[in-house]
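Heads up, the thing below is written out as structure tokens.
The values are calculated or read from the model by the stated rules, or taken from the named source; none is laboratory data. The structure displayed is predicted, hence computed values, not measured ones. Backbone-built Cβ (ideal geometry, glycine too); neighbour counts: all protein chains shown.
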Amino acid sequence: MQIKLLHVLFAGASAATLIPQGGARFNDACLPRLPSRIVARLGHQPSFLENLAFRDNGDLLVTQNHPKPQIYTIKQPWLKNARLTLLHEFQDTDGAAGVVQVAPDHFVVAAAKWNGFNPVPASATLQFIRLAKNGSVAETGFVGRYPELGLFNGLARLGDYQNSILAADSALGVIHKFSPLTGDHHVVVDVPELKATDPSAPVPIGVNGIKLHDSHLYWTNSNTASIFRLAITEDGLPAKSAKVELVSCVPDGLAIDDFAIDVRGNIWVAAVINNEGVVVRPDGSTVSAVGSAGEMTVASGTALAFGNTAADSHILYATTAGGLPAPVNGTVIEPGKVVAIDATAFLCLVCDVGRLAIGPLPRLDL
Ligand SMILES: *[C@@H]1O[C@H](CO)[C@@H](O)[C@H](O)[C@H]1NC(C)=O
Ligand SMILES: *[C@@H]1O[C@H](CO)[C@@H](O)[C@H](O)[C@H]1NC(C)=O
């Protein structure tokens, strides 16, 4: 989600009119509120953490979109006393958004310039950061500058280090395919469901987060508050005769940002203005699992991702913007943070946990 757009959009409106109160949208009395704890919090505010990716060893990389275009790391985020440590500040840009690992310890980040609260036209760049084995910065630079393209947001890697990534263009409402090595690119998906088609909706940008799962490209459309998917080939092109499928229309009033998909096919969505993590089940029904409008737990959650090690594969990590786009209860903000949410209870409630592919679940020390 692009902070500054939202900030402008919601700055003049009272949170009470925008944020639905209570749980009336959801009728799942038996759903547990998932336990969570703060992994690490920035020392400055306001601050807007935007997205996250993992190293193969489970360490986190976290992008910051405001106040500076930076990337942080958290070593072993499942342990207590984890810290956000600054790795790098990107050049010739104002904010860092999507981040994806394109090869071991080689990450690509989407970045753009901002004029106050508006994205500067023709400022889209993709930049990279490579790390040494010990986690220190080995090399940084530009994949490319793309003045003819819109606003890059979510990024996803095609296949297993196949040297291609997909990039959601939130302004043009298309998916580009890039070589992170040469910067070459072309449009691979251009369908109406990627675009902002509802001028009366509170969020003006279309496609936001993208994920590859089960031979499909999934995406959130923030403008139409919908989740879609499309069968794609290994090259990232729409599969022969594939049609866009509507996965879910989320309940009215949810402003959806990035998301994660679990081993059962549930989609965990950051409802950024609502301060909630919402689960969309494979049948399209939705339920709130963590946070609420008046809570700081995931205040302005921007992105979610499950841990990638045996220690934390049941832990959902969330990045937050601390209420910056829409202060909690209209006034409360805090620094951006990373939160660990223990999803075990939800996974156990909705499925036969004995058959879970991820095996016995270690407990996070919350
Ligand atoms: C990490 O590794 C790099 C490259 O191998 C080396 O230059 C650097 O000094 C190391 N840093 C630390 C803190 O060990
Ligand atoms: C928001 O308001 C509610 C209702 O008064 C209150 O329970 C809650 O603690 C408030 N949240 C914050 C972060 O102050």
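A few comments on the model shown:
- Residues located in segment 219-259, provided they are basic (Lys, Arg) and either within 16 Å of GLY209 (Cα to Cα) or not in a loop (DSSP other than H, G, I, E, B) (or both): ARG229
- Condition broken by ALA201, with the remaining ones in (1) surrounded by fewer than 19 Cβ atoms within 10 Å (Cβ to Cβ); (2) touching a strand residue (DSSP E or B) at 6+ places or on another chain (Cβ under 6 Å); (3) aliphatic (A, V, I, L, M) satisfied: (2)
- For ALA171: the one exception among (1) in contact with a Gly (Cβ under 8 Å, 6 or more places away or on another chain); (2) modelled with pLDDT of 95 or more: (2)
- Within segment 253-287, restricting attention to residues that are among the acidic types (Asp, Glu) and under 22 Å from ALA321 (Cα atoms), the residue that is nearest to the chain's Cα centre (by Cα) is ASP258.
- Segment 116-170: number of residues that are at negative phi and within 16 Å of ligand 1 (Cβ to nearest atom): 11
- Among the residues making up segment 112-134, those that are of a type in the set (Gly, Ala, Ser), under 30 Å from ASP56 (Cβ atoms) and surrounded by 16 or more Cβ atoms within 10 Å (Cβ to Cβ) are ALA112, ALA124.
- Test: residue in segment 231-238 that is within 28 Å of ALA299 (Cβ to Cβ) and buried (at least 18 other Cβ atoms within 10 Å of the Cβ): no
- Figure legend. Inter-residue proximity from segment 117-135: first residues within 25 Å of THR73 (Cα to Cα), second residues within 16 Å of ligand 1 (Cβ to nearest atom) and among the acidic types (Asp, Glu), beta-carbon distance below 7 Å, spacing 6+ or different chains. Indicated pairs: ARG130/ASP105; ARG130/GLU139; LEU131/ASP105; GLY135/ASP59.
- Which numbered condition PRO121 misses (of (1) assigned to a strand (DSSP E or B); (2) at pLDDT below 95): (1)
- As a summary of the residue check, LYS80 satisfies the conditions (1) at pLDDT 95 or above; (2) assigned to a loop (DSSP other than H, G, I, E, B); (3) not aromatic (Phe, Trp, Tyr) except for the one numbered (1).
- ALA293 satisfies every condition listed in (1) away from ligand 2 (no atom under 16 Å from the Cβ); (2) under 26 Å from ASN65 (Cα atoms); (3) of a type in the set (A, V, I, L, M, F, W, C); (4) part of a loop (DSSP other than H, G, I, E, B) except (1).
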